[in-house]
Ligand SMILES: [Ca+2]
Ligand SMILES: [Ca+2]
Ligand SMILES: [Ca+2]
Ligand SMILES: [Ca+2]
């Protein structure tokens, strides 16, 4: 029995690894993660957000969430997510205790969102990995206290740290932690690409000049 459990965990990790290596991004997406709240304890204030990128309503009944270790949550009630909309999964249901957010689904202590390295793996009703994120204690992913990790755009590959940002100071909820539970993340001004990111870092002034002269040409 225990061996079976271990094998199953390994299988999930392998599936997640396969998905983490791909760039496919569709369906239900893990869109925002508050793994380290500051206004309240992590025990009360952790949450994450799913986003439906499809044009169809999807019922998450029978889906599950887990990490690479022992965390495991089965969704055992009908839970529909409308096209282009969000669902907030929270550790605690009570806005007076959880930092002031409204939860769509409460998971209690089934899942713990580690502040260092941890994973969130979403499996569909057939047990196939629908989405997976593994954050890395700040190596490539955001690593803030009191601010969520927010996917810059649901279309980006959320397995990559560069696709995420720390929710900016102007976007607070409830008691003052930074996040957008149940709403679109911080508006995307630029989609970062590694090469242009370096270019911007090296020659912001030159790029600004190029942009200005380009604008003159086009107007
Ligand atoms: Ca945590
Ligand atoms: Ca904390
Ligand atoms: Ca965990
Ligand atoms: Ca959000």
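If you wrap the stretch 28-85's Cα atoms in a convex hull and average its projection over all directions, what's the area in nm²? Please report the intermediate quantities before stating the final value.
Values: hull surface 19.3 nm².
With the hull built on Cα positions only, its mean projection is 4.8 nm².
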### Task
In nm, give the distance between the simple-model label positions of residue 41 and residue 70, each being 7 Å from the Cα along the Cα-to-Cβ direction.
1.8
### FRET efficiency, 1/(1 + (r/R0)^6) with R0 25 Å, evaluated for residue 137 and residue 110 via beta carbons
0.65
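Which of 141, 61 has the fewest other C-beta atoms within 10 Å, and how do the rest follow up to the most? Each step should come with its number before you reach the end.
Details: 141 21, 61 13.
Sorted ascending by nearby Cβ count, the order is 61, 141.
Bear in mind these aren't lab numbers, they're just calculated from the coordinates by the rules spelled out. Note that this is a predicted model, so its numbers are computed, not measured. Cβ: placed from backbone, ideal geometry, glycine included. Neighbour counts: every protein chain shown.
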